[in-house]
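Shown next, in structure tokens, is the structure this report addresses.
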Amino acid sequence: MKHYQDSETGQIYAFEDDYDPLTADNRNIPKTLTTTVKEKPSDSSVWYQGDWIEQAEAPPDYVVPISSIPSYNHAWMAHLTPYLIIDIDTGNPVNFSLDEINNNSYDGSQLAKVVGLLPLGGDIKMNALISCDGTIAIPAYKDLTSRYQGIAKLNEILCSLLLGGIHTEALRLNDLTVGCLHEKSQLFSYIPNLHSSLRLNWASLSDRSVLIHPRRINLQFLQDAFSEGNEVIKKIPEFSSLLFLNGYTSLFHHKNFDALTYLWIVVEQLTVYLWENIYLNNINSYSRWVRKYQSFPKIKSCIEKDQIFAKHNLLRLARIITKKCHGELSHIRIARNNLIHRGILPNRKVVINLWSVLLELIEIASRKERLWARNLTIQNIEDEPVQLANKDFSDWTELSNFLEK
């Protein structure tokens with residue numbers, strides 16, 4: 001092995017004897033390498049102007065040098081779950097045989113291949129990339145350079161897909177994947193996970209089982225779903241895609257407490273939008289009874305205090321929301337208040353009804369006849385006791401009695 005040092009940062013590189021990094025055409029190798037290697041004297045040493053000095057001797061404004069090599073195509077990534085394959089209209093879908101999966105002889109690089117795009121919008125003149133295995137990547141560029149900015153944008157994309165009828169789940173910090181566009185055609189992950197293991201043929205046999213009958217989504221359908229959902233988000237500035245996505249994720253995983261909390265906040269956001277952009281803009285067109293009801297001192301006071309039930313009543317009287325929707329909102333509001341003020345956990349049916357009502361409010365606010373998200377199936381599984389015959393806890397009792405002595 002031959003060793004070289006970056007005169008810019010002090011970092012030491014090692015290469016095989018038959019490889020010359022000084023003449024090699026590799027953009028990832030610094031152009032500031034030198035054959036003169038100066039070992040770092042101690043852990044407290046820092047690199048300064050081509051040599052090591054003690055940190056205590058460094059100038060007050062000293063900054064640790066950073067390599068001038070660009071971070072090529074750095075990306076934040078999210079994986080659609082459960083595991084899926086994106087099919088493109090080429091007549092050649094990615095499909096591995098059972099023998100290939102069992103023998104780990106399938107072509108994993110196909111899974112990393114970029115197969116489609118999603119527009120990012122805004123000032124970023126680039127697109128999000130979609131790989132064959134359902135990974136969505138966005139460039140760590142401009143307003144997306146921090147992890148939190150990357151997570152926020154990816155969650156917005158995931159919410160658009162959810163509104164478009166595709167099951168997605170909220171992305172959290174510990175699930176964010178860091179990677180890059182590799183060889184101009186594939187997504188590469190710097191962080192080990194199921195997707196990277198499958199791409200590199202490193203996955204165990206049990207992990208490879210997801211390739212046997214994966215969920216499949218057509219690329220064009222996914223892009224259409226994104227456009228549908230993104231259009232809804234743009235129409236309602238008050239709408240929080242993150243809260244909506246978190247609420248659905250909690251609902252899907254039977255976290256009724258979280259689902260009610262998240263989704264009710266979105267109800268309040270939509271109520272504000274309907275009140276300010278539809279009700280108040282058309283107040284003179286409503287019947288005299290609606291205006292009279294609003295002028296009642298108690299109702300007027302509630303509206304001034306921003307109490308949501310009064311606005312719901314007037315939205316109903318103005319026929320902006322239906323009688324059924326209004327009734328459901330009243331029941332859900334009581335359940336939410338019981339949760340917040342009394343700690344009473346909500347019934348799952350109440351939260352499922354909240355999801356349905358919320359979709360109706362989004363349809364009204366966005367003037368959509370029917371959201372594609374209505375095609376999603378929400379399971380209503382009651383929490384029932386496990387049915388076991390001939391229950392026997394004698395061993396448990398015996399151990400408890402022994403430990404009590």
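The values are calculated or read from the model by the stated rules, or taken from the named source; none is laboratory data. Values in this document were obtained by computation on a predicted structure and should not be read as measured data. Note that each Cβ is placed from the backbone with ideal geometry, even for glycine, and that neighbours are counted across all protein chains shown.
Answer with yes or no whether ASP6 is surrounded by 12 or more Cβ atoms within 10 Å (Cβ to Cβ), closer than 28 Å to PRO139 by Cβ and either of a type in the set (Val, Ile, Thr) or not assigned by TED's automatic domain parsing to the domain that holds ILE130 (or both). Explain how you work it out, then say what you get.
Details: surrounded by 12 or more Cβ atoms within 10 Å (Cβ to Cβ): yes; closer than 28 Å to PRO139 by Cβ: yes; either of a type in the set (Val, Ile, Thr) or not assigned by TED's automatic domain parsing to the domain that holds ILE130 (or both): yes.
Considered against the rule, which asks whether it is surrounded by 12 or more Cβ atoms within 10 Å (Cβ to Cβ), closer than 28 Å to PRO139 by Cβ and either of a type in the set (Val, Ile, Thr) or not assigned by TED's automatic domain parsing to the domain that holds ILE130 (or both), ASP6 comes out as yes.
Has region 127-140 got at least one residue that is assigned by TED's automatic domain parsing to the domain that holds GLN223, of a type in the set (Gly, Ala, Ser), part of a strand (DSSP E or B) and in contact (Cβ under 8 Å) with a residue 40 or more places away in the chain?
To start, the set of residues in region 127-140 that are assigned by TED's automatic domain parsing to the domain that holds GLN223 comprises 127-140.
Next, from what is left, pick out any that are of a type in the set (Gly, Ala, Ser): 128, 131, 134, 137, 140.
If we keep only those that are part of a strand (DSSP E or B) as well, we get 128, 131, 137.
Remaining after also requiring in contact (Cβ under 8 Å) with a residue 40 or more places away in the chain: 131, 137.
Yes, some residue in region 127-140 is assigned by TED's automatic domain parsing to the domain that holds GLN223, of a type in the set (Gly, Ala, Ser), part of a strand (DSSP E or B) and in contact (Cβ under 8 Å) with a residue 40 or more places away in the chain.
Residues GLU363, GLU328: which one is of a type in the set (Asp, Glu), within 23 Å of ALA225 (Cα to Cα), surrounded by 12 or more Cβ atoms within 10 Å (Cβ to Cβ) and touching a Leu at 6+ places or on another chain (Cβ under 9 Å)?
So the residue among GLU363, GLU328 that is of a type in the set (Asp, Glu), within 23 Å of ALA225 (Cα to Cα), surrounded by 12 or more Cβ atoms within 10 Å (Cβ to Cβ) and touching a Leu at 6+ places or on another chain (Cβ under 9 Å) is GLU363.
Can you tell which of ILE299, ILE332, ILE283 is of a type in the set (Val, Ile, Thr), assigned by TED's automatic domain parsing to the domain that holds LEU359 and either closer than 23 Å to PHE244 by Cβ or not in a helix (DSSP H, G or I) (or both)?
So the residue among ILE299, ILE332, ILE283 that is of a type in the set (Val, Ile, Thr), assigned by TED's automatic domain parsing to the domain that holds LEU359 and either closer than 23 Å to PHE244 by Cβ or not in a helix (DSSP H, G or I) (or both) is ILE332.
Out of the residues in region 9-31 that are within 40 Å of the chain's Cα centre (by Cα) and modelled with pLDDT under 90, which is surrounded by the fewest Cβ atoms within 10 Å (Cβ to Cβ)?
The selected residue is ASP25.
Out of all the residues in region 98-115, which are surrounded by 17 or more Cβ atoms within 10 Å (Cβ to Cβ) and part of a helix (DSSP H, G or I)?
ILE101, GLN110, LEU111, ALA112
Looking at the structure I just gave you, is ILE381 touching a residue at least 12 places away in the same chain (Cβ under 8 Å) and not assigned by TED's automatic domain parsing to the domain that holds PHE252?
For ILE381, the condition - touching a residue at least 12 places away in the same chain (Cβ under 8 Å) and not assigned by TED's automatic domain parsing to the domain that holds PHE252 - is met.
Identify the residue in region 302-326 that is part of a helix (DSSP H, G or I) and of a type in the set (D, E, K, R) and, among all such residues, is nearest to VAL272 (Cα to Cα).
Only one residue fits best here, namely LYS311.
Does GLN110 fit the bill of being free of Cβ contacts under 8 Å to residues at least 24 places away in the same chain and touching a helix residue (DSSP H, G or I) at 6+ places or on another chain (Cβ under 9 Å)?
So GLN110 passes the test.
Going residue by residue through region 218-229, is there one that turns out to be among the hydrophobic types (A, V, I, L, M, F, W, C), surrounded by fewer than 18 Cβ atoms within 10 Å (Cβ to Cβ) and part of a helix (DSSP H, G or I)?
Yes, that holds for at least one residue.
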